[in-house]
1. Considering only the stretch 237-253, state which residues are without any contact (Cβ under 8 Å) to a residue 60 or more places away in the chain and touching a helix residue (DSSP H, G or I) at 6+ places or on another chain (Cβ under 6 Å).
2. Quickly run through the stretch 245-277 and pick out the residues that are of a type outside the set (S, T, N, Q), under 18 Å from the mean Cα position of the chain (by Cα) and assigned to a helix (DSSP H, G or I).
3. Please give the number of the condition GLU210 fails out of (1) within 29 Å of TYR141 (Cβ to Cβ); (2) surrounded by 15 or more Cβ atoms within 10 Å (Cβ to Cβ).
4. Give the residue, chosen from THR94, THR134, that is under 22 Å from GLU314 (Cβ atoms) and among the hydroxyl-bearing types (Ser, Thr, Tyr).
5. Test GLU130 against the criterion of being surrounded by fewer than 21 Cβ atoms within 10 Å (Cβ to Cβ), within 30 Å of ASP45 (Cβ to Cβ) and not aromatic (Phe, Trp, Tyr), and give yes or no.
6. Starting from residues that are free of Cβ contacts under 8 Å to residues at least 12 places away in the same chain and closer than 28 Å to ASP247 by Cα, keep the ones in the stretch 287-341 and report whichever is surrounded by the fewest Cβ atoms within 10 Å (Cβ to Cβ).
7. Could you tell me which numbered condition LEU81 fails, if it satisfies all but one of (1) surrounded by 23 or more Cβ atoms within 10 Å (Cβ to Cβ); (2) touching a Leu at 6+ places or on another chain (Cβ under 6 Å); (3) hydrophobic (A, V, I, L, M, F, W, C)?
8. Which one of these is surrounded by fewer than 13 Cβ atoms within 10 Å (Cβ to Cβ) and farther than 30 Å from SER315 by Cα: GLU24, GLU41?
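Taken together, the values in this text are just the output of simple stated rules run on the coordinates, not laboratory data. It should be emphasised that the depicted structure is a prediction, and the values quoted were computed from it without experimental measurement. Note that we place each Cβ from the backbone using ideal geometry, even for glycine, and neighbour counts take in every protein chain shown.
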Amino acid sequence: MNMDFKRKLPIPMEIKAQYPFTPELEAIKTKRDKEIKDIFEGTDDRFLLIIGPCSADNEDSVLDYISRLRGVQEKVSDKILIIPRLYTNKPRTTGDGYKGMLHQPDPHKGEDMLKGVVAIRNLHIRAIKETGFTCADEMLYPENHRYLSDILSYLAVGARSVENQQHRLTASGLAIPVGMKNPTAGDLSVMMNSITAAQHSHTFIYRGWEVESHGNPLAHAILRGYINQHGQSMPNYHYEDLIRLSDAYAASGLQNPSVIVDTNHSNSGKRWQEQPRIAREVLHSCRQSEDVKKLVKGLMIESYIEDGAQKPGESVYGKSITDPCLGWEKTERLIYELAEMV
């Protein structure tokens, strides 16, 4: 094979034993999971905000950011439930660039995936201990999910991964909401097929085991915009897009029809400052149709302490090193505004 085998990593059970998830933290997660499940099942009409940095690049600044969210959550808890985005591994379009804390626990140093596995587990545990928030991450590598499987309350399958069979089958064996993004080319049938696969049971190989999944009724859609044949970003958050998705769900027979609208990526053309406007438009659409209101469970927003993104080699505290994000002052103002609108 054309690769070097550097070292054998500890299996997830060993890492979990070294960095345990205590009964006290399990109780917090159980309560949070029930609240989130109730929203997707329609028995809780609060609005979800899956919000946070494009990538969790620095433990101190990420925890600082999440602590700020905690204070805001207390003030809007009757209208909004916040799930912090704590994305510890990042897909790269060409394979180059920063791949997240899993690969580089220190973005200024080289890759070290053993330290990375420990770092991402510690970060998620600290988030729960210090803020009471269980968080969202992206399931970029299904084989790695077991390192965090006892901690996470939400998972996203990205636009590049949503057609992959292993992602779909693994999602079918999880007991938390898994959002399936529309693919980069925008074909909604691909996303709907992915949700269908995730909601059904399957037998497959996972981490060397033959396993049987039970199906995940909380698998759902994420609309993130798409790229057309000319390489241009095209949105799919408008009223007509939401009606089209509602109709697709109605024809599918899927459980718990739900969508999270991603306000960045191709929906904003990566113009991060457009996210508040897009969020407002989505909520306006919810007022125009009861079907759309029932379908839209929340928003996904890329936000950090400082506006925008920094250039390689810079070291700005709380500023994204990947996609540009909405800064804290604008974020706080937006959350309060959304709480008034829902």
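1. Kept after step one, since they are without any contact (Cβ under 8 Å) to a residue 60 or more places away in the chain, are these residues of the stretch 237-253: 237-247, 249-251, 253.
Result: TYR237, TYR239, LEU242, SER246.
2. HIS265, TRP272
3. Here GLU210 clears every test but (2).
4. On the way: THR134 fails: under 22 Å from GLU314 (Cβ atoms).
Criteria check complete, one pass: THR94.
5. Values: surrounded by fewer than 21 Cβ atoms within 10 Å (Cβ to Cβ): yes; within 30 Å of ASP45 (Cβ to Cβ): yes; not aromatic (Phe, Trp, Tyr): yes.
Spelling it out, GLU130 is indeed surrounded by fewer than 21 Cβ atoms within 10 Å (Cβ to Cβ), within 30 Å of ASP45 (Cβ to Cβ) and not aromatic (Phe, Trp, Tyr).
6. GLU290
7. With (1) surrounded by 23 or more Cβ atoms within 10 Å (Cβ to Cβ); (2) touching a Leu at 6+ places or on another chain (Cβ under 6 Å); (3) hydrophobic (A, V, I, L, M, F, W, C) applied to LEU81, the lone miss is (1).
8. GLU24
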